[in-house]
Amino acid sequence: MIYCLKVFAAISLIIFFNGQAQAQQKASEWKVISPSGALQINLKLNNGALSYSVTDKGEVIVKPSKLGIESTTEKFSDHLSFANVLTRPVSEIYVLPTGKYSVYKAKANQASVTFTNSYSAKMTVDLRAYDDGIAFRYRFPDSAKTYTLVNESTEFAVPQASAWMQQYGNDPAYENVFKNGIPAGTAAPDSTGWAFPALFHTKDHWLFLSESNISPDNAGMHLQPMCSNGIYKIAFPLKGEGLGQGSSYPVAKAPFAMPWRVFIIGKNPSVVVQSALINHLSAPNTIGNIGWVKPGRSSWSWWSDHASSRNVTTLKRFVDLAANMKWEYSLVDANWNMLKDGGNIKDLIDYAKSKDVKLTFWYNSGGPHNNVGEQPRDIMFDSLKRKQELKKLHDWGVKAIKVDFFQSDKQNVMQLYQDILKDAAKEKIMVIFHGSTMPRGWARTYPNLLSMESVRGAENYGWSPEFAADAAVLNTIYVFTRNVAGSMDYTPVTFSDYQCCPHTTTNAHELALSVVFESGMMHFADSDSSYYKQSAEVKQFLSSVPNTWDDVKLLQGEPGKEAVLARRKGKDWYIAGINGETVAKNWQVFLSFLDVKKRYKAKLYVDGKSSREITYKELTAKTGDKVGVNVLPKGGFVLVLQP
């Protein structure tokens, strides 16, 4: 007992007992404290039922909330008894080719508390406390048992707060509009419920709620539609998802774990934006050496010309665009297997090689889980066909695939995502998912995953006047919600207009999205003619802007209003800001984070007198300087600092 107490103290874990002797009394409360001593998750067993709460230096962040889960054969929601507890510190350093950082450092304290039910079956609740958030998950340690999970009691009881959330939808692609600052506890617009992630702002704290580490044993969860008094409850996938294919209820053979449920927590929204908890909680790299994974920037013809992917002549123009802009990739979109003008696919591949541009090929994920007709389809769903196709692509020299239209978060589709990632890795092919679920940590487990869509992005300019009107607001919200979870394939920096849905954002706002948004494959969506007609300074910026980063800082911002971020690549800093509101603003960008020993050459790209004008000027800066930036309504800027 003395030894255990020493271990507990060393990792800031406090466990309270009903009595003085563990052997004589069962435990009733466990408290795991973050390394800094501020955040604390409390687990309680009361009359056989579990609950948890979260505090920050004693202030309630998550009110007492129920825990529990049931399968068709076992019930772990009542009549539970304490079995044992194991504790350990968590300390990890790992490297990823994509994301907010190049090197990731994670420190936390963990307790794994095991309970038995009335029939002596075991369930473990893993608890973790990091300095920027807490997490918990259910784990089933009994071997050789198979569980079909059919009910979950998990709650997230949020104090009075504003919320940024999106409707889940019947065919989840996470492209619904985020509600902007609604009262926590507001019911979802329909019976499908609310999607992850969810962001809350209480009187003193920002809370980001999501889940991480979806394995093939799991389904992707969301939140039930009714959430009275700010009590949100877990929901399984809807029966009709994926055209009804697959079960809503995941089936797994023990031992296995469910996903981590994650709260990122901070008094400043910068804690949320800068957090890497979704990656920290995910399983480490399972695909081995990743030296061949090369994130990059890409041209894309479909946004400006939907028929282009059937025309080799047009596709060659976008290969030329990538070469001229020094982008590494060009995307060949849907129906490329039906090429009819200008040559064949081998002609395109040879042409791209001659220009030193690598190609990404689009695929439909279906299969019986979608009825979308775009080609190629019925390949990625079939294991044998998929492996043969990936081998063919490898032999062609194709470096990446974009797979689209998944339309379900059921276990069978979660398995399909991961099967694609595994098989692609064997052929050294990178993957982008489109029409997909939201990121839940796979970028760490399968580092050949470059990006996922799961956002209402720039393609919506093609058909949605409402999107065009709301884009500036949504863009600021994504900084604090969707892009926190992982790389986001928004397909940004579009200067030209669709006739139906012209931009209301300024060109400088659009330029800033290349820095504000993070994606392991940055698809620049506009036409070649649009990019070519930009000023020499703007073209130089687009040719040199990175899409992988070493550091990120949120300098100022609030979802729905504005966001100013600084990202570092090597010794260079890229600072970008977007205005989500319809009033002009003057921002004072405080450069307190620069190296104190250096002066920096600065290049400023900012709104001009009109929404379509980007002005450019050069200046010098050092740490502690303030740079004044005037932006238009729905405007933006980029400031590049190089020592």
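Rule-based calculations on the coordinates, nothing more; no lab input. Because the structure is a prediction, the values reported are computed rather than measured. Cβ sites come from the backbone with ideal geometry, for glycine too, and all protein chains shown count toward neighbours.
Can you name the strands (runs of 3 or more DSSP E) wholly within region 232-332 that have at least 2 residues being farther than 30 Å from S527 by Cβ? Working first, answer last.
Working: elements: 251-253, 260-266, 296-300, 329-332.
Answer list for region 232-332: 251-253, 260-266.
When you look at G486, is it at positive phi and touching a residue at least 12 places away in the same chain (Cβ under 8 Å), yes or no? Before the answer, list the steps.
Values: at positive phi: yes; touching a residue at least 12 places away in the same chain (Cβ under 8 Å): yes.
In short, yes.
So which pairs qualify, if the first residue must be in region 331-343 and within 23 Å of S451 (Cα to Cα), the second must be assigned to a loop (DSSP other than H, G, I, E, B) and of a type in the set (S, T, N, Q), the Cβ gap must be under 9 Å, and the two must be at least 6 apart or on different chains?
As it stands, the answer is L331/S301; V332/S301; D333/S301; A334/Q375; N335/Q375; W336/Q375, since those pairs meet every condition given.
Which of (1) assigned to a strand (DSSP E or B); (2) among the β-branched types (V, I, T); (3) surrounded by 17 or more Cβ atoms within 10 Å (Cβ to Cβ) is the odd one out, the single condition I214 does not satisfy?
(1)
Out of all the residues in region 148-180, which are part of a strand (DSSP E or B), over 20 Å from the mean Cα position of the chain (by Cα) and in contact (Cβ under 8 Å) with a residue 40 or more places away in the chain?
Taking region 148-180 and keeping what is part of a strand (DSSP E or B), we get 148-152, 155-157, 162-167, 178-180.
Next, only the ones that are over 20 Å from the mean Cα position of the chain (by Cα) stay: 148-152, 155-157, 162.
Of everything in region 148-180, those that are part of a strand (DSSP E or B), over 20 Å from the mean Cα position of the chain (by Cα) and in contact (Cβ under 8 Å) with a residue 40 or more places away in the chain turn out to be T148, L149, V150, N151, E152, E155, F156, A157.
Out of S102, S81, report the one residue that is touching a residue at least 24 places away in the same chain (Cβ under 8 Å) and within 30 Å of M430 (Cβ to Cβ). Reasoning before the result, please.
Details: S81 fails: within 30 Å of M430 (Cβ to Cβ).
The conditions single out S102.
Here's the yes/no breakdown for (1) crowded, with 20+ Cβ neighbours inside 10 Å; (2) in contact with an Asp or Glu (Cβ under 8 Å, 6 or more places away or on another chain); (3) within 30 Å of S519 (Cβ to Cβ):
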position: P35; (1), (2), (3): no, yes, no
position: A49; (1), (2), (3): no, yes, no
position: V60; (1), (2), (3): no, no, no
position: E70; (1), (2), (3): no, yes, no
position: K75; (1), (2), (3): no, no, no
position: S81; (1), (2), (3): no, no, no
position: S91; (1), (2), (3): no, no, yes
position: L96; (1), (2), (3): yes, no, yes
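Can you tell me which residue among A512, A469 is in a helix (DSSP H, G or I), surrounded by 24 or more Cβ atoms within 10 Å (Cβ to Cβ), touching a residue at least 24 places away in the same chain (Cβ under 8 Å) and not polar (S, T, N, Q)? Break it down stepwise before answering.
On the way: A469 fails: surrounded by 24 or more Cβ atoms within 10 Å (Cβ to Cβ).
Selected residue: A512, the only one of A512, A469 that is in a helix (DSSP H, G or I), surrounded by 24 or more Cβ atoms within 10 Å (Cβ to Cβ), touching a residue at least 24 places away in the same chain (Cβ under 8 Å) and not polar (S, T, N, Q).
Tell me, yes or no, whether region 372-383 has at least one residue that is surrounded by 19 or more Cβ atoms within 10 Å (Cβ to Cβ), of a type outside the set (F, W, Y), under 27 Å from the mean Cα position of the chain (by Cα) and farther than 21 Å from L450 by Cβ. Show your work before the answer.
Our first condition is that a residue be surrounded by 19 or more Cβ atoms within 10 Å (Cβ to Cβ); within region 372-383, this holds for 377, 379-381.
Those left that are additionally of a type outside the set (F, W, Y): 377, 379-380.
From the residues that got through so far, the ones that are under 27 Å from the mean Cα position of the chain (by Cα) too are 377, 379-380.
Subset that is farther than 21 Å from L450 by Cβ: 377.
Yes, there is a match, as at least one residue in region 372-383 is surrounded by 19 or more Cβ atoms within 10 Å (Cβ to Cβ), of a type outside the set (F, W, Y), under 27 Å from the mean Cα position of the chain (by Cα) and farther than 21 Å from L450 by Cβ.
Starting from residues that are basic (K, R) and surrounded by 24 or more Cβ atoms within 10 Å (Cβ to Cβ), keep the ones in region 408-446 and report whichever is farthest from G246 (Cα to Cα).
Of all residues in region 408-446, those basic (K, R) come to 410, 422, 426, 428, 440, 444.
With the extra rule that they be surrounded by 24 or more Cβ atoms within 10 Å (Cβ to Cβ), the set shrinks to 410, 440, 444.
On the way: K410: 7, R440: 20, R444: 26 Å.
In this case the residue turns out to be R444.
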